[in-house]
1. So, Thr219, is that one in contact with a strand residue (DSSP E or B) (Cβ under 7 Å, 6 or more places away or on another chain) and either among the hydrophobic types (A, V, I, L, M, F, W, C) or at pLDDT 95 or above (or both) or not?
2. Restricting to the stretch 118-166, name every residue that is modelled with pLDDT of 95 or more, farther than 24 Å from Arg177 by Cα and of a type in the set (Asp, Glu).
3. Quick one: what pairs do we get from the stretch 216-236, first residue under 13 Å from Leu191 (Cβ atoms), second at pLDDT below 95 and open to solvent by less than 10 Å² (accessible area, probe 1.4 Å), C-beta under 6 Å, 6+ apart or different chains?
4. How many of the residues in the stretch 129-152 are of a type outside the set (Val, Ile, Thr) and within 17 Å of Met242 (Cβ to Cβ)?
5. Looking at Asn198 and the list (1) open to solvent by 20 Å² or more (accessible area, probe 1.4 Å); (2) more than 25 Å from Leu61 (Cα to Cα), which single condition is not satisfied?
6. Kindly state which strands (runs of 3 or more DSSP E) lie completely within the stretch 68-144 and contain at least 3 residues that are surrounded by fewer than 22 Cβ atoms within 10 Å (Cβ to Cβ) and among the aliphatic types (A, V, I, L, M).
7. I need a count of the residues in the stretch 67-120 that are within 18 Å of Ala233 (Cα to Cα) and of a type in the set (Asp, Glu).
8. Tell me the residue from Ile195, Ile181 that is out of contact with any Asp or Glu (no Cβ under 6 Å at 6 or more places or on another chain) and outside any strand (DSSP E or B), please.
Amino acid sequence: MKRTIATLVIMLAATVAAQPPAPQGADGRGRGGRGEGPRGADPLALDDHAGFASIFDGKTLKGWDGDPAFWRAENNTIVGQSTEQNAVKQNTFLIWRGGEPKDFELKVEFRMNSTNSGIQIRSAQLPAGPEIGKWVMKGYQADIDFANQFTGQIYEERGRGFLAMRGQAVYVPDGGRPKVIGNLQQTADELKAIIKTNDWNHVHVVARGTTIIQILNGTVTSIVVDDDAKNRALGGLLGFQMHVGPPMKVEFRNIWLKNL
């Protein structure tokens, strides 16, 4: 019964999100109401940091751990950069060492000029070995890529792979495969149009219980409710990814975390 309720809640949320706002009277009150004041939720404020703490000092990588051959702090920005001479031969990550958040909100801006990257949440660092480098992570990822084929989806690095594509609300049953239970208020192509190329984009991730919501530039792009007890994670490391491929530069700034 609990899973059925979770499914219905997400389906309802996806349906309600597609509805137009309630009509307002001249005084701003909802028509047909009882004078209780404005109806509906306030719009999301991207720069609202009430209750958040900055986890990047803007000058150094203090509190972060990654391969110094690729990662640096510069102009209030974390920069990950590769070249033809210094190529990424295996996905490598910059890991935040300030804790392993469980329920939280994370806000961060990114910009990139090539290839693929991602924002890791509730993740784990794999032990280094002959085929695994020192800074390798597995776990949930708010996926981003330069071509915007995957930006806005929820992925699981070195795990179950694609969980929720852009525009989907997905439920993962215990021991089962992800199932699409609803579509969001905009299609995948409409959501792609809100992503800025060669410019800064704002990612807001909400992780609470078994639910993960990704919000990109103020619009929900993907939702996952993960009831797969064996494979899910309810807490873990945060980090940023540099992907194998052509030379790339990815930048992250304004990194804010709020524990719930």
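1. Numbers: in contact with a strand residue (DSSP E or B) (Cβ under 7 Å, 6 or more places away or on another chain): no; either among the hydrophobic types (A, V, I, L, M, F, W, C) or at pLDDT 95 or above (or both): yes.
Criteria not met by Thr219.
2. Asp145
3. Here the result reads none, with nothing in the stretch 216-236 linked to a residue that is at pLDDT below 95 and open to solvent by less than 10 Å² (accessible area, probe 1.4 Å).
4. Step one: filter the stretch 129-152 for residues of a type outside the set (Val, Ile, Thr), giving 129-131, 133-135, 137-143, 145-150, 152.
Now narrow it down to the ones that are within 17 Å of Met242 (Cβ to Cβ): 133-135, 137-139, 141-143, 145-147, 150.
Here the count works out to 13.
5. Of everything listed in (1) open to solvent by 20 Å² or more (accessible area, probe 1.4 Å); (2) more than 25 Å from Leu61 (Cα to Cα), Asn198 misses just condition (2).
6. Values: elements: 71-74, 77-81, 92-96, 104-112, 116-125.
The strands (runs of 3 or more DSSP E) meeting that bar number zero.
7. The number of residues fulfilling the criteria is 3.
8. Numbers: Ile181 fails: outside any strand (DSSP E or B).
Of Ile195, Ile181, the one residue that is out of contact with any Asp or Glu (no Cβ under 6 Å at 6 or more places or on another chain) and outside any strand (DSSP E or B) is Ile195.
The values are calculated or read from the model by the stated rules, or taken from the named source; none is laboratory data. Since the structure is predicted, the reported quantities are computational estimates derived from the model, not experimental observations. All Cβ positions, glycine included, derive from the backbone under ideal geometry; neighbour counts span all protein chains shown. Side chains are part of the model used for accessible areas, which takes the heavy atoms of the whole protein and leaves out ligands, DNA and RNA. Shrake-Rupley method; radii C 1.70, N 1.55, O 1.52, S 1.80 Å.
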